[in-house]
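K.L.:
Attaching a single structure in structure tokens format; questions to follow.
The values are calculated or read from the model by the stated rules, or taken from the named source; none is laboratory data. Keep in mind that what you see is a predicted model, and the values were worked out from it rather than measured. Cβ coordinates were reconstructed from backbone atoms using ideal geometry, including for glycine residues, and neighbour counts include every protein chain displayed.
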Amino acid sequence: MNKYRLVRDIDIDTTYDLVIAGGGPGGTMAAIAAGRLGAKVLLIEGTGCLGGMGTSGLVTAFDPMANGEEMLVGGIMREAVYRLYEQGELGPGQCPERFAKRYMRWTPFRVEGYKRVLDEMVIEAGVEVRFFTRMIDVDADTSAKRVNGVVVHNIEGYRYVPAHAFIDATGDAILSDLAGAECREAGRDTPHIMPATMASLLAGVDWTRYNREQCHAMYQEALDRGEFEQYDRHLVGLSPVGDDVSYLNGGHLFNLNALRCRDLTEGAMLGRRLAKEMVGFYRRNVPGCEKMEHVTTASLLGIRESRRIVGAYELKEDDYFARRHFPDQIGLFNKFIDIHPYDTSDQEWDRFQQEHHNPKLRLGEGESFGIPYGVLVPQGWKNLWVAGRCASADVRVHGVIRVQPAAAMMGQAAGTAAVQSIRSGQPAEDIDTEKLIQTLREHGANLPQSDLSSTMTRDLVRS
Ligand SMILES: Cc1cc2nc3c(=O)[nH]c(=O)nc-3n(C[C@H](O)[C@H](O)[C@H](O)COP(=O)(O)OP(=O)(O)OC[C@H]3O[C@@H](n4cnc5c(N)ncnc54)[C@H](O)[C@@H]3O)c2cc1C
């Protein structure tokens, strides 16, 4: 491609302690954590609300937060869920007995309530938020591995924002990649890309007459009759998020590369077509759905996999199956390895079914694994962290920790670590991790490990 050299003078903002790009669960919890510790924080979000996939992406359910015995997910995420519960903003029938205890239970929420709760929490924490603003460039010293500032764009034009520390919570590791940190890309560094989905919000569902198993059987029959544009057997289906309102996690968009604008555009259009087809199927066939109304598809396309960093620690499948816990773990989790079928072949369907129904391929009740601090630190970088979907893990464990509660725990840890680093002068990889864990505990994180260590766990010590 020919090049156009963009040269222009732009205004320089005041210097922040911490700039966070992306206001999904990772970025928002990072901002709240840092704000509560007294840091001057700027949170930059491209859309007009916080929550990321959970709000703009209409992915209106939290993955399981408990393991059948206890609530693994603590800290700010736990607080947010309890606020939603107290304000009547969780889905019908959701209560602490369920979300704080039971194994393999999703927690649907009302999307408007979640947006408002996150607004409340960032305001209370003194975070400065800029909506409708995109981080578009990064000024970094690649030899010193330090980020100096980012360029943002909004209605007021371009602005250079300097800061002492940065968190990349864009989901796609955009800040890290622009800075020059090493990243892995699905489809480039791996043979497959997990499919995307365009989620929808539906109204008019009579839950008293809806039966999930019956619906799945009918869906298979309709597929066999050739009623759908693609033969996608993996129906994720409906979740109640209101008295007659449902979230539709439906229609896989296969081989979509979320790092290509054309794929995103075509995927959004195909996603809307597939959603319309599914709504038609529900209306025609499924008891309780006759009066279903398709309220809207999401404004953010649901991306499961794109780019992630190579971190100081890359969490791997053997860590997961060993139920490994770490002295510097910043969160505990229990989710199964959730790799949606890569295509519509029988082979992929069988692989997916095996993984979902084989208890040996998932953690059981009462079990958990730890997420070590090093997954948040791009290797060697001094003042840069990530939080959320772009954290460092192999493809399999990425399929576990990419979800909202885990992203939120990583966010709280990244925000806390950034503030500690600024105050101690120690770079990201060298902060005192014992102190980090103690601070996280003081702020509600569930980190029961007794063998604390002042240095982080590095990949080098893998046995
Ligand atoms: C279809 C689908 C279904 C899912 N189902 C579930 C589920 O049931 N339960 C669950 O817990 N998880 C689920 N997940 C996973 C989960 O929603 C996401 O992986 C999680 O939200 C990731 O959090 P994050 O903070 O890393 O990024 P995101 O939630 O993606 O947020 C990133 C934010 O950054 C903003 N942003 C990006 N680039 C820029 C930029 N350059 N400048 C400014 N802002 C920027 C975006 O607008 C967005 O708000 C699902 C995901 C998908 C795609």
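K.L.:
Residues in the range 277-294: is at least one more than 30 Å from Val397 (Cα to Cα), hydroxyl-bearing (Ser, Thr, Tyr) and in a helix (DSSP H, G or I)?
P.N.:
yes
K.L.:
How many residues are hydrophobic (A, V, I, L, M, F, W, C) and within 30 Å of Thr208 (Cα to Cα) when one looks only at the range 241-275? Step through it out loud before you land on a result.
P.N.:
Our first condition is that a residue be hydrophobic (A, V, I, L, M, F, W, C); within the range 241-275, this holds for 241, 245, 248, 253-254, 256, 258-259, 261, 264, 268-270, 274-275.
This time we only want the ones that are within 30 Å of Thr208 (Cα to Cα), so: 241, 245, 248, 274-275.
Matching residues across the range 241-275 total 5.
K.L.:
Additional query: I need every pair where a residue in the range 192-213 that is free of Cβ contacts under 8 Å to residues at least 60 places away in the same chain and within 29 Å of Gly399 (Cβ to Cβ) has its Cβ under 7 Å from the Cβ of a residue that is within 15 Å of the ligand (Cβ to nearest atom) and not in a loop (DSSP other than H, G, I, E, B), sequence separation at least 6 or different chains.
P.N.:
From the range 192-213, the pairs are Arg212/Gly237.
K.L.:
Still on this structure, please answer the following. Pairs needed: first member in the range 174-185, at pLDDT 95 or above; second member anywhere, of a type in the set (S, T, N, Q) and more than 15 Å from the ligand (Cβ to nearest atom); C-beta distance under 7 Å; at least 6 residues apart or different chains.
P.N.:
Gly180/Thr142; Glu182/Gln379
K.L.:
Just one of (1) within 15 Å of the ligand (Cβ to nearest atom); (2) closer than 18 Å to Ala387 by Cα; (3) buried (at least 23 other Cβ atoms within 10 Å of the Cβ) trips up Ala39, so point out which.
P.N.:
Ala39 satisfies all of (1) within 15 Å of the ligand (Cβ to nearest atom); (2) closer than 18 Å to Ala387 by Cα; (3) buried (at least 23 other Cβ atoms within 10 Å of the Cβ) except (1).
K.L.:
What tally of residues in the range 151-175 results from selecting those that are within 10 Å of the ligand (Cβ to nearest atom) and under 13 Å from Gly46 (Cβ atoms)?
P.N.:
9
K.L.:
Right, here's the next one. Check Met292 against each of (1) of a type in the set (A, V, I, L, M, F, W, C); (2) more than 29 Å from Leu376 (Cβ to Cβ); (3) within 16 Å of the ligand (Cβ to nearest atom) and name the one condition it does not meet.
P.N.:
Result: Met292 fails condition (3) only.
K.L.:
Shifting gears a bit: Just give me the residues in the range 88-127 being loosely packed, with under 14 Cβ neighbours inside 10 Å and within 16 Å of Leu50 (Cβ to Cβ), in sequence order. I'd like the intermediate steps shown before the answer.
P.N.:
Looking only at the range 88-127, we keep the residues that are loosely packed, with under 14 Cβ neighbours inside 10 Å, and these are 88, 92-93, 95-97, 112, 120, 123-124.
Glu112, Glu120, Ile123, Glu124, listed by residue number.
K.L.:
Going through the range 203-255 one residue at a time, which ones are more than 27 Å from the chain's Cα centre (by Cα), among the hydroxyl-bearing types (Ser, Thr, Tyr) and either within 16 Å of the ligand (Cβ to nearest atom) or within 24 Å of Glu348 (Cβ to Cβ) (or both)?
P.N.:
Tyr219, Tyr231
K.L.:
Determine whether Glu355 is surrounded by 15 or more Cβ atoms within 10 Å (Cβ to Cβ) and modelled with pLDDT under 95. Working first, answer last.
P.N.:
Details: surrounded by 15 or more Cβ atoms within 10 Å (Cβ to Cβ): yes; modelled with pLDDT under 95: yes.
It is true that Glu355 is surrounded by 15 or more Cβ atoms within 10 Å (Cβ to Cβ) and modelled with pLDDT under 95.
K.L.:
A further question on this structure: Being in a strand (DSSP E or B) and either under 25 Å from Arg209 (Cβ atoms) or within 16 Å of the ligand (Cβ to nearest atom) (or both) is the filter here; which residues of the range 295-329 pass it? Give the steps one after another, and end with the answer.
P.N.:
We begin by selecting, within the range 295-329, every residue in a strand (DSSP E or B); these are 295-297, 302, 307-309, 311, 315, 329.
Passing the criteria: Val295, Thr296, Thr297, Gly302, Arg307, Arg308, Ile309, Gly311, Leu315.
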